[in-house]
Amino acid sequence: MFAKRQGEEKQQEFWIERTRVSKPPSQGFYSKLNEHLAAMDFARRVWALCEPAYREESRGGRPGIDPVVYFKMLMVGFFENLRSERAIAARCADSLSVRAFLGYALEESTPDHSSLSVIRQRLGPEIYQGVFEVVLMALKTHGLFKGRHLGIDSSVIEANASLRTLVHRNTEKAYWEYVKELAAEQGVDTQDEGALRRFDKNRPGRRTSNEEWKNPHDSQAKVGRTKDGACDMIYKPEHVTDLESGAIVQAEVLEGDHADTKALSERVACAVEVVNRMAVNEEDGVVRSLTADKGYFAIEEIAQIQEFDIRTVIGDANAARRRKERLAAPLRKALHRAACAVKSQSGKAFLRKRGMHLERSFEHVLDEGGMRRATLQGTENLTKRHKIAAACFNLSLLLRTLLGVGTPKQWMAGAYSLLKALIVYLFGPTWRFCLGKWELKFRASAQESF
């Protein structure tokens, strides 16, 4: 039944034609993505944005990397669900379809992960915002972005920092040294790690406050609850989304203990500026409403947003208590308008859309786009990477509308479904029993090539 294959030396071909190189199934998606990037004049606009950050070739030095290639590599990180820049660089060097997407031949070396880090530090936040708006303008051109009704929400990502390395802000004493001193006073064996942890968990007055403790390697990471309820170092990504199409208008990463109500009107004003820059005629660029959950309700911030002539559909968690408060006439009026907006039929519809579009954007960007766990440190670095991931989400929305598929996995799943339907149609129901084995072989080969 089995035969052992003997290792025989065979004369290999010295040259091989490029047309004879095998093409993986996922290459079709990346070729279509390249076509749409060329249609939106992505390369020329990126070069114009990044020109101030690159020196002239006449000054010498190591040849620079095309910024278009850099942003395409970040796109690969989103579509392939890769978290770190090291993983992105390894994938780009290993995949034939990704090499073709970047424009690199088989004999050329793709950029190293260290080059990605240098470029990220070289390019300012305004350049990432400009690239984000290039994709957003493409959505505007195809009628997939209105900007009239916005929704805002935040989520949680795990920071690239550990609770074990916490130190006191004033004394710089490590957290576990502080716990060992308390345990020694209570007669607990400090050499027993299990007993030390039980003491720390059950000691009265235990409090890991961000006002007292910090991480020495990432001071902007804060102690908080992750998505699954565990205590860890976290950041808070925030999305402002168009409730009519689901496109992300603004994306930013905030510190883990940043309150949703803090400077809400300023962040909304930034989103309104983005919508105004995308305006083509006078009818565009008018934000009519803002929808959020009860965690974003602050009467002063609500009043400031309503001064922009924006309707606020934000519920008040303390509505019963506020009836007894003595508020100024403008605040009382703003509170009444917000309550009427939440109770209206249109307000309820916007709240349903908020849950649908905003949660979907976090699912795609964080859980399927490799951004749930951070590999970078600092809000500026994380915002740069997160903004490009949000741009890729908008690009995926555009592709899904025009082509019916928005990711490489969806492209391959569609190819499999088409072949299966074609076989059943040509050969009839008698061939259905053969599809089981064929399906396993197809998926195995597709997984290897992808």
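The values are calculated or read from the model by the stated rules, or taken from the named source; none is laboratory data. All values derive from a computational prediction rather than experimental measurement. Positions of Cβ are backbone-derived with ideal geometry, glycine not excepted, and every protein chain shown enters the neighbour counts. Just the protein is used for accessible areas: all its heavy atoms, side chains included, with ligands, DNA and RNA removed. Shrake-Rupley method; radii C 1.70, N 1.55, O 1.52, S 1.80 Å.
List of remarks:
- Residues located in segment 63-107, provided they are within 19 Å of LEU376 (Cβ to Cβ), open to solvent by 50 Å² or more (accessible area, probe 1.4 Å), out of contact with any strand residue (DSSP E or B) (no Cβ under 7 Å at 6 or more places or on another chain) and of a type in the set (D, E, K, R): ARG86
- Check on THR165, under 27 Å from THR383 (Cα atoms) and modelled with pLDDT under 90: yes
- Test: residue in segment 216-232 that is in contact (Cβ under 8 Å) with a residue 60 or more places away in the chain, crowded, with 19+ Cβ neighbours inside 10 Å, polar (S, T, N, Q) and assigned to a loop (DSSP other than H, G, I, E, B): yes
- Residues of segment 44-67 that turn out to be of a type in the set (D, E, K, R) and at pLDDT below 85, as a count: 5
- From the list ASP242, ASP192, the one residue that fits, being open to solvent by 50 Å² or more (accessible area, probe 1.4 Å) and of a type outside the set (Phe, Trp, Tyr), is ASP192.
- Among the residues listed as ALA421, ALA444, ALA391, the single one being part of a helix (DSSP H, G or I), open to solvent by less than 40 Å² (accessible area, probe 1.4 Å) and either hydrophobic (A, V, I, L, M, F, W, C) or at pLDDT below 90 (or both): ALA391
- Flag for ALA349 being assigned to a helix (DSSP H, G or I) and free of Cβ contacts under 8 Å to residues at least 40 places away in the same chain: yes
- In the set (1) in a helix (DSSP H, G or I); (2) open to solvent by 80 Å² or more (accessible area, probe 1.4 Å); (3) free of Cβ contacts under 8 Å to residues at least 24 places away in the same chain; (4) not basic (Lys, Arg), GLU300 fails one condition alone, (3).
- Of all residues in segment 105-127, those being part of a loop (DSSP other than H, G, I, E, B) and over 17 Å from GLU85 (Cβ atoms) number 5.
- Filtered residues of segment 139-190 (kept if in a helix (DSSP H, G or I) and in contact with a helix residue (DSSP H, G or I) (Cβ under 6 Å, 6 or more places away or on another chain)): LEU139, VAL179, ALA183
- Residues of segment 252-294 satisfying the condition of being touching a residue at least 40 places away in the same chain (Cβ under 8 Å), closer than 24 Å to ARG326 by Cα and surrounded by fewer than 18 Cβ atoms within 10 Å (Cβ to Cβ): THR261
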